[in-house]
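Encoded as structure tokens, the structure appears first; notes follow it.
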Amino acid sequence: MMKWAMLLGSPDISGGTYVIFEHAIRISKSGVEVTIITEDKVDMARLQWHPEAKSLIWKTFKEIDGMLFDVCIATWWKTVFDLHRVNALSYVYFVQSIESRFYSEQEKPLRKLVESTYKLPLHIITEARWIKDYLFENHNQKARLVLNGVRKDIYKNTGERVAERTPGKVRVLVEGPIDVPFKNVSKTIEICKQSKASEIWLLTSSPVERYPGVDKVFSRVPIFKTPEIYGSCDVIVKLSYVEGMFGPPLEMFHCGGTSITYNVTGHDEYIVNGVNGLVADRDDDDQVLKYINNLVEDKALLQTLKDNAMNTAHAWPSWEESAAEFKEAVVDIIKNELSVSRSELQNQSSFLFDWYVIAEDYRIADYNRTGSEFKLKLKKYVKTHHPTVFEILRKIKFNLLIRRR
């Protein structure tokens, strides 16, 4: 039996973790032994939002000592630096977004650290065409593309509803965590409050019971209950700034609704402006407001978008199809591709992280006051830990990887 290890940063509710679970559950049912590896032991109560994940094998890094896997898969940028802790024949990086964009422009060393993970000699699988293109154009990485699936068994335009849709009225749904800036939930709600929408509902992973101006709040809802919420609303208004595959609008399509979004990365996988959804330029909030009001006033437009969205949903692959394709890609890597060694992976990861530490120290230092002292500290550190690199840095006056502000 083939043995896979998948590294997980957190088991708590999130879009990225949901995707990992959907793949892992189906691949384990296909005859592969899938082990989810975390730093600390996971209380199964944390999986109430996705109870099927309890069927997977869960281990900590300490518990896999001495075990050998056919492959170890990193699932977000931080887990790349843990790959060397797992003894595996192959190493794969599942890239679900360009995660350097999760952090502000002020955090340059951290953004560069995240970007550096895409340069490592790892076999990459990604979930969206824009990510595949980005990795090739910016890092010369040829990633395999496996689109995310949809739970056709639960996301459908039938079944239980929290409330029936009301003819002549438009109920909007805002989805996402409140406290993640690039998800832009708070501003989305403010725009919706200015519109002619009949009701505003919020579906969030944040632990909140109410939110100003929102008619109903649904917090940390198990996945099997979310279709009841989608199916009660007419349109999802999701104005996030960074997305990978961009799943919630597609789930709304399956439940009989349509969407309003920014032209965020990933939207063009399935949203066509004016056909199955409405797309505004980033931060063109006047246009978003017009879109909502247009759907309230033009019932024919709303119905056309919904009908075309349902056609899009029918053509989209299921999670069974997607997981089978993911498995095929990983098996091909295991059988036919050379892999970086565990020791080399550890060396390269350590090197990149050491440079991040140096660059972060440099960023927070008051250069005008402590520049000379810091430069001496930097010289000593690099000469001690990376003597070859020290010679390079000496020649180019410490302009490699870090820049004087």
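The values are calculated or read from the model by the stated rules, or taken from the named source; none is laboratory data. These numbers come from a predicted model, not from an experiment. We place every Cβ from the backbone using ideal geometry, glycine too, and count neighbours over all the protein chains shown. Note: accessible area is taken over every heavy atom of the protein model, side chains too, but ligands, DNA and RNA are not part of it. Shrake-Rupley method; radii C 1.70, N 1.55, O 1.52, S 1.80 Å.
Overview of values
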read-out	value
Which listed pairs, of LYS169/LYS216; LYS78/LYS112; LYS112/LYS183; LYS132/LYS156; LYS108/LYS193, have C-alpha distances above 24 Å, in listed order	LYS132/LYS156; LYS108/LYS193
Cross-link partners of LYS290 among aspartates and glutamates (Cα-Cα below 19 Å; sequence separation of 8 or more within a chain)	GLU190, GLU199, ASP234, ASP281, ASP298
Largest to smallest accessible area among SER206, SER219 [probe 1.4 Å]	SER219, SER206
Net +/- balance of residues flanking SER55 in space, Cβ distance below 13 Å, scoring K and R +1, D and E -1	0
Residue-normalised accessible area of region 74-168, given per residue in Å² at a 1.4 Å probe	44 Å²
Amide H partners (placed H, <5 Å) of ALA88, local residues excluded	PHE69
Evaluated at q = 0.06, 0.07, 0.13 Å⁻¹: base-10 log I(q)/I(0), Debye formula over Cα of the chain	-0.28, -0.38, -1.13
Per residue solvent-accessible surface (Å²) - region 193-246, probe of 1.4 Å	39 Å²
Burial ranking of peptide ranges 36-43, 190-197 (average Cβ count within 10 Å, highest at the top)	190-197, 36-43
Under the span-like rule (Cα at least 30 Å along the axis, Kyte-Doolittle mean at least -1.0), DSSP H helices of the chain	342-364
Positive-pole candidate from THR312, ASN294, VAL174, dipole of the chain, charges at beta carbon	VAL174
Accessible area per residue, Å², region 247-306 with all protein chains present, probe 1.4 Å	36 Å²
Positive-end extreme of charge dipole, the chain - chosen from SER206, MET2, LEU68 (charges on Cβ)	LEU68
Portion, in percent, of the accessible area of the chain that falls on carbon or sulfur, probe 1.4 Å	50 percent
Sequence-distant residues sharing a close amide H with ILE124 (under 5 Å, placed H)	TYR93, ARG144
For region 245-295: rounded, prolate or oblate by the Cα gyration tensor [a/c cutoff 1.5]	oblate
